[in-house]
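The values are calculated or read from the model by the stated rules, or taken from the named source; none is laboratory data. Just so it is clear, the model here is predicted, and its values are computed rather than measured. Methodologically, a virtual Cβ is constructed for each residue, glycine included, from the backbone with ideal geometry; neighbour enumeration extends over all protein chains shown. Side chains are part of the model used for accessible areas, which takes the heavy atoms of the whole protein and leaves out ligands, DNA and RNA. Shrake-Rupley method; radii C 1.70, N 1.55, O 1.52, S 1.80 Å.
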Amino acid sequence: MEIVQFIHSKWAYLVLLVLVLATFNALIKFFGDKEFDAKDFRISLFALITMHIQLLIGIVLFFMKDYFSVIEQVGGMGEVMGNKALRNLIVEHPLTMIIAITLVTIGYSKHKKKLTSKPKFKMLAIFYTLALVLVLAKIPWSLWF
Ligand code: HEM
């Protein structure tokens, strides 16, 4: 389990770095009226891939941590929701990250369907920015450092 948590913890640096780069790249080029080129495609795809890998590692970690037994031990989901730390780890972190990954997936697939540069950057800028805000909001900062 330690190894999975270690990978999830280290991979998060890459996720954050690539998501920040892809988001700012889209925002800057959208507002700067730039042409969409192969590099823009690559960075947005890379953000999609790193986030999906983090999702898989996270799901494995979730089951390995055996949170289902934890829920039982503390006396059910009501108790979990009433405890800030448990609610964060068991509910808010996974759920928010899954929503963020979904937003990136939607943004990526929407940008692919657009044929010109401006709408492509627009889709990426909107969905990746929303995803980045959620990721920043729900990274367990105190556990991470
Ligand atoms: C973009 C997506 C995600 C990012 C950036 C992220 C980031 C992190 C970070 C930085 C930690 C703290 C690791 C440490 O101890 O140093 C963590 C913990 C954890 N994450 Fe994620 N995560 C993501 C998605 C997910 C998903 C989708 C799940 C589950 C379905 C998940 C489940 C967990 C679990 C179970 C822990 C361990 C909490 C504990 O210490 O008990 N994560 N995550």
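What to note about this one:
- Helix axis angle, 93-113 relative to the chain longest principal axis, alpha carbon, degrees: 20 degrees
- Angle of helix 117-138 to the longest C-alpha principal axis of the chain, folded into 0 to 90 degrees and rounded to 10: 20°.
- Region 2-144: relative contact order in percent, alpha carbon pairs under 8 Å with at least 6 residues between: 33 percent
- Simple point charges give the picture: +1 on the Cβ of Lys and Arg, -1 on the Cβ of Asp and Glu, and for region 1-53 a dipole about the Cα centre of about 60 debye.
- When only the Cβ of Lys, Arg, Asp and Glu is charged (+1, +1, -1, -1), the dipole of the chain relative to its Cα centre reaches about 740 debye.
- Dipole of the chain computed with +1 at Lys/Arg Cβ and -1 at Asp/Glu Cβ about the Cα centre; of Met97, Ile3, Leu61, farthest Cα towards the positive end is Met97.
- Taking the 1.4 Å solvent-accessible surface of the chain as the whole, the part contributed by carbon and sulfur is 72%.
- Most tightly packed first, judged by the mean number of other beta-carbon atoms within 10 Å of their residues, the peptides 93-99, 62-68 read 93-99, 62-68.
- Per residue value of the accessible surface for region 2-144 (all protein chains in place, 1.4 Å probe), Å²: 58 Å²
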